[in-house]
Amino acid sequence: MQIPPEELAVASLLHGVAEIGPQFNEEILKQTIKLYAPFATKDISTHQIGVDVAYGEHPRQVLDFYQSDEGAPILLFVHGGGFVAGGKKVNDCFYSNVGHYFARHGVAVALMNYRLAPEFTWPSAANDIKQCLDWLQSRRTKNEKMIIVGQSAGAAHVATYLTDPLFCKHSAANVDGAIMMSGFYDTQKPMSPGAKSYFGDDPSTLVQRSAILNLANLQIPVLLTLAQFDPPAIALQTLSLASQITQAKQSTPPLNCLAGHNHVSTVLSIGSPQNDVGELLLKYVRQFSK
């Protein structure tokens, strides 16, 4: 019996990710991109796309906007990059795969850039999220639902925006749901050099800047994900966040361990034959359309 090509593709991707294992660095990012590039979707959205649209005055304050059907939910994607790098476009395939996939399925998408450390420190990226959402809100015509998703450092910035006293009232008024994928939430734990350059290293301010200590301010539903092959220190951040939300809210947030994925394959896989993450996120977003 011949195995369908799509199943062979998924098997190849799962094998490749498992071989890389539970580690992450710049070289692992390159390896994972190379693994997924041949399977990146060529079925692009037929909706209009606005590229490098300014939502602020700084050159990094730009977004790509993938329109969808009138009244569609709006998804804001906040990229990772270790607080000091990254962007809405890694190459011609990624992260446009996120925009094309959701736009094809009736969800408008904004892929944003934000200002980076070490030049811009806490809470500049959360401020950029706020400013980007204000830009999106000004273009809502039918009170479309707004969902925000952050991955890695992007998830850390989303967590700040959702929980810090500087932003939590704004998020409660402007965001309907949030997805945080393999983020960094507890500045009391060991930090990477990139995280230190963004959050600083003053113990007195790190308490204030730790999203996990501000969860009483969280006012919207969240979906949490981690990857099977996240480095343990990264996975433990999400597990700790889920535990602390459960204690603070007396209700456990949806928590998904994404089998067969590493730290970045979760987003790179969206729209590919291995589309389990895309389907999970789309299901979460669609609940706000009801």
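The values are calculated or read from the model by the stated rules, or taken from the named source; none is laboratory data. None of these values were measured; they are calculated from a predicted model. Backbone-built Cβ (ideal geometry, glycine too); neighbour counts: all protein chains shown. Note: accessible area is taken over every heavy atom of the protein model, side chains too, but ligands, DNA and RNA are not part of it. Shrake-Rupley method; radii C 1.70, N 1.55, O 1.52, S 1.80 Å.
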Condition met for SER171 (open to solvent by 10 Å² or more (accessible area, probe 1.4 Å), among the polar types (S, T, N, Q), in contact with a Phe, Trp or Tyr (Cβ under 8 Å, 6 or more places away or on another chain) and modelled with pLDDT of 95 or more): no
Note: among TYR66, TYR95, TYR101, TYR55, just one is crowded, with 16+ Cβ neighbours inside 10 Å, among the aromatic types (Phe, Trp, Tyr) and touching a Cys at 6+ places or on another chain (Cβ under 8 Å), namely TYR55
Among the listed residues ALA126, ALA85, identify the single one that is closer than 23 Å to ALA159 by Cα, in a loop (DSSP other than H, G, I, E, B) and either of a type outside the set (Ser, Thr, Tyr) or under 16 Å from the mean Cα position of the chain (by Cα) (or both). ALA85
Quick one: GLN151 ticks every box in (1) open to solvent by 40 Å² or more (accessible area, probe 1.4 Å); (2) touching a Gly at 6+ places or on another chain (Cβ under 6 Å); (3) within 23 Å of VAL277 (Cβ to Cβ) bar one, so which box is it? (1)
When you check TYR114 against the structure, is it closer than 25 Å to ILE245 by Cβ, touching an Asp or Glu at 6+ places or on another chain (Cβ under 8 Å) and at pLDDT 95 or above, yes or no? yes
Out of THR252, THR238, THR266, I need the residue that is out of contact with any Lys or Arg (no Cβ under 7 Å at 6 or more places or on another chain), more than 15 Å from VAL17 (Cα to Cα) and in contact (Cβ under 8 Å) with a residue 24 or more places away in the chain. Which one? THR238
Test result for ARG115, outside any helix (DSSP H, G or I), touching a residue at least 60 places away in the same chain (Cβ under 8 Å) and open to solvent by 40 Å² or more (accessible area, probe 1.4 Å): no
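Go through region 250-290 and report how many residues are part of a strand (DSSP E or B) and open to solvent by 60 Å² or more (accessible area, probe 1.4 Å).
Here the count works out to 3.
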Looking at region 3-17, is at least one residue modelled with pLDDT of 95 or more, more than 30 Å from GLU70 (Cα to Cα) and under 19 Å from the mean Cα position of the chain (by Cα)? no
All but one of (1) open to solvent by 10 Å² or more (accessible area, probe 1.4 Å); (2) over 26 Å from ILE74 (Cβ atoms) hold for TYR198; state the number of the condition that does not hold. (1)
Within region 18-66, residues in contact with a His (Cβ under 9 Å, 6 or more places away or on another chain), at pLDDT below 95 and of a type in the set (A, V, I, L, M, F, W, C) come out as ILE44, ILE49
